[in-house]
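Working notes for the structure below.
The values are calculated or read from the model by the stated rules, or taken from the named source; none is laboratory data. No experiment lies behind these values; they were computed from the predicted model shown. Using ideal geometry, Cβ is built from the backbone for each residue, glycine included, and neighbour counts are taken over all protein chains shown.
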Amino acid sequence: MNETIQQALNEQLRLELTASHAYLAMAAWAEARNLSGCAHWMRAQSEEERGHALKIFDFIHDRDGQARLGALPEPGSSFGTVLEMFEAALEHERKVTASINRIYSLALQESDYPTQVLFQWYINEQVEEEKQLTQIIDQLRLVGAEGVGLYMIDRELAGRRPEGEPEGDEEE
Ligand code: FEO
């Protein structure tokens, strides 16, 4: 695998881990305010981001490279409102999307077909992630990010299942 691609993949690995770290910090903020549904959703999202990071980690090694783990920036731990927290998450996802698109373009330029195939998966995943966050933000704006509206949304977010698991009864 060429060095430029490997470097770009390592940067993406770091970005996914940064997202995982940021969402866990958001889960902590929500947990501290007894918003257990929001906390659950963010924790699940954090796990999902770790999965995204590990997918790249494995891909780098499958292609005879080596993953590099650098320091992660300290995540934000204070948000004015739940709405602001989800808006910060969407902003982060947009940065991730831009980075994924850049790497895909680079893979085209370098005729690196395996990276193109892998990043098609990430491109689709980003559409889904931005959609989910936009829906939550719209709902928060619609019913209000406080009081009964927030209570209802928090309950709904509590129903999130890990990726690939069907919706159903509480398992715990
Ligand atoms: Fe893995 Fe949400 O980007």
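May I ask you to list the residues in region 131-164 that are of a type in the set (A, V, I, L, M, F, W, C) and over 18 Å from the mean Cα position of the chain (by Cα)? Leu140, Leu142, Val143, Ala145, Val148, Leu150, Met152, Ile153 - these are the residues of region 131-164 that are of a type in the set (A, V, I, L, M, F, W, C) and over 18 Å from the mean Cα position of the chain (by Cα). None of Thr81, Thr97 is more than 19 Å from Ala32 (Cβ to Cβ) and not charged (D, E, K, R) except Thr97. Taking the criterion of being more than 16 Å from the ligand (Cβ to nearest atom) and of a type in the set (Gly, Ala, Ser), the residues of region 35-50 that qualify are Ser36, Gly37, Ala39. Say whether the condition of being away from the ligand (no atom under 15 Å from the Cβ) and over 15 Å from the mean Cα position of the chain (by Cα) is met by at least one residue in region 116-130. Yes. Out of curiosity, is Gly65 small (Gly, Ala, Ser), away from the ligand (no atom under 16 Å from the Cβ) and surrounded by 15 or more Cβ atoms within 10 Å (Cβ to Cβ)? Here the answer is yes, as Gly65 does meet what is asked. If you check Phe79 against the conditions, is it aromatic (Phe, Trp, Tyr), within 16 Å of the ligand (Cβ to nearest atom) and either farther than 18 Å from Arg160 by Cα or in contact with a Ser or Thr (Cβ under 8 Å, 6 or more places away or on another chain) (or both)? No. The sole residue among Ala28, Ala53, Ala19 that is assigned to a helix (DSSP H, G or I) and either away from the ligand (no atom under 12 Å from the Cβ) or acidic (Asp, Glu) (or both) is Ala28.
Val96 - would you say it is at pLDDT 95 or above and surrounded by 13 or more Cβ atoms within 10 Å (Cβ to Cβ)?
When the stated conditions are applied, Val96 passes them.
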